[in-house]
Amino acid sequence: MSDMAAEELFEKVVNDPDKDGGLKSDARDAEPRNFFHHVIALSCSKVADGLIDPKLVLSWLLTNLGAGAFLVGLLVPVREAGSLLPQIFTAGAIHGMPRRKWAWAAGSAGQGIAAAGIVLSALFLDAQTAGVAIVALLALLAVSRSVCSVSFKDILGKTVGKSRRGTVTGGAASVASVAVIVFAGLLLSGLIDRFNLVIGAITLAALGWFLAAVTMASLKEFHDEGQAKTAMPKPWATLKKNPQLARFILVRSLLVGTALAPPYLVMLASSGQQETAELGGLVLASAIASFISSYVWGRLSDKSSRRVMIYAGLAAAIALGLAIFVGYAGLASTVWAMPLVLFGLMVSYHGVRQARSTHLVDMAGPDQRAEFTAVSNTLVGVFLLIAGAAAAALANFGAGLVIGVFLVMSVAGAVLALGLDEVQE
């Protein structure tokens, strides 16, 4: 796209295109072109995320390969913890880079390499070896993702004005939702062999991340001196001084079942000739839940993030209880039952995500947010690894037992959230 075409389209799709949005003059001149580079790169990345979703797609793939419940159970904790834990070590160095786009591009390329490795492992390795390799490659993908996460806000803030940033992320999220819904439709149609379709989707994810890396690398980001490096926070000292933060981290940790439970729903739902329909239904239910609930939860969180955590925790417990019921009633392999359960669980998951993010920002003062975020992400990341490994081991005795543990945790998290402050007041 030429600079002139980019500028004309930019003026049509954004609000207040003439406002500087806090950008310097040289960045303002390059904003129209950079805006669409962001949209393309972020859209490719989010579509790739949806196509390789560890909660559903990779869980189904490992179950289909026969890799075993333990390895399936490790997928989500490895993905979630791998995205959180490295940030406390890498944030300072990345924020100190004069041009952070190179960090994002490298992280995106790393995710593409990991996705390509997952495809090769599924095609050419035996079940157990493929399972181990895929979990290891997912760890590489997660660490690479953490680099993108740390660098993106800085890049966006330097290259796109304040009143236009939400359009970038919102547009990319819409593209991703449509792509995942199309993927779910193909799975439900049965027109393509389910294994080949999943492998093809992960291959497209790899290509998407490579394209995103190239697009971001060509962004026009102007040189700056970077941000001053800060000392690594000391978690225990921070928690001792801030008991509300400690309670928040405990609540957030107890509610991780909303993220960890979906693979165990896949285990319950994977049987007989219905596997293709089940995976398609699960992916579609997850995409619709994300599409319709995120905005609503976000608005409610602006009023009371504490209450949203309570409601989301209780809603998750109800969904998990329903999962146990359909499992014991012999309905788990039906086309409708588990997608319905997953829909409720994913609505709860997005509530937890929106509430925890809003609560942390509103609870911390401007000079505490970086410290609180680093401490929270680190401790929750450690808990995710421990809880995920324990759940994976427990899965050898049945997926229903693991789901029951997550149900209890969700109720406990909702009860503990009663003691959080109303930080929006």
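The values are calculated or read from the model by the stated rules, or taken from the named source; none is laboratory data. Computed from a predicted structure; not experimentally measured. Heads up, the Cβs are rebuilt from the backbone with ideal geometry, glycines too, and the neighbour counts pull from every protein chain shown. Calculation scope for accessible area: heavy atoms of the full protein, side chains included, ligands and nucleic acids excluded. Shrake-Rupley method; radii C 1.70, N 1.55, O 1.52, S 1.80 Å.
General remarks:
- Residue under evaluation ALA103, criteria (1) under 16 Å from the mean Cα position of the chain (by Cα); (2) under 16 Å from VAL143 (Cβ atoms); (3) open to solvent by less than 30 Å² (accessible area, probe 1.4 Å), criterion not met: (1)
- Some residue of region 207-216 being assigned to a loop (DSSP other than H, G, I, E, B) and either modelled with pLDDT under 95 or touching a strand residue (DSSP E or B) at 6+ places or on another chain (Cβ under 6 Å) (or both): no
- Residue in region 312-328 that is touching an Asp or Glu at 6+ places or on another chain (Cβ under 9 Å) and in contact (Cβ under 8 Å) with a residue 24 or more places away in the chain present: no
- Just so you know, in region 28-86 the residues that are over 14 Å from the mean Cα position of the chain (by Cα) and of a type in the set (D, E, K, R) include one that is surrounded by the most Cβ atoms within 10 Å (Cβ to Cβ), and it is GLU31.
- Filtering ALA114, ALA139 for residues that are part of a helix (DSSP H, G or I), open to solvent by less than 30 Å² (accessible area, probe 1.4 Å) and closer than 22 Å to ALA206 by Cα leaves a single hit, ALA114.
- All helices (runs of 4 or more DSSP H) inside region 243-345 with 1 or more residues being at negative phi and open to solvent by 50 Å² or more (accessible area, probe 1.4 Å): 243-254, 275-328
- Residue selected from region 395-419 under the condition over 24 Å from the mean Cα position of the chain (by Cα), open to solvent by less than 60 Å² (accessible area, probe 1.4 Å) and touching a residue at least 40 places away in the same chain (Cβ under 8 Å), by the criterion farthest from MET309 (Cα to Cα): GLY400
- ALA93 vs. criteria open to solvent by 10 Å² or more (accessible area, probe 1.4 Å), assigned to a helix (DSSP H, G or I) and either among the small types (Gly, Ala, Ser) or under 19 Å from GLY208 (Cα atoms) (or both): yes
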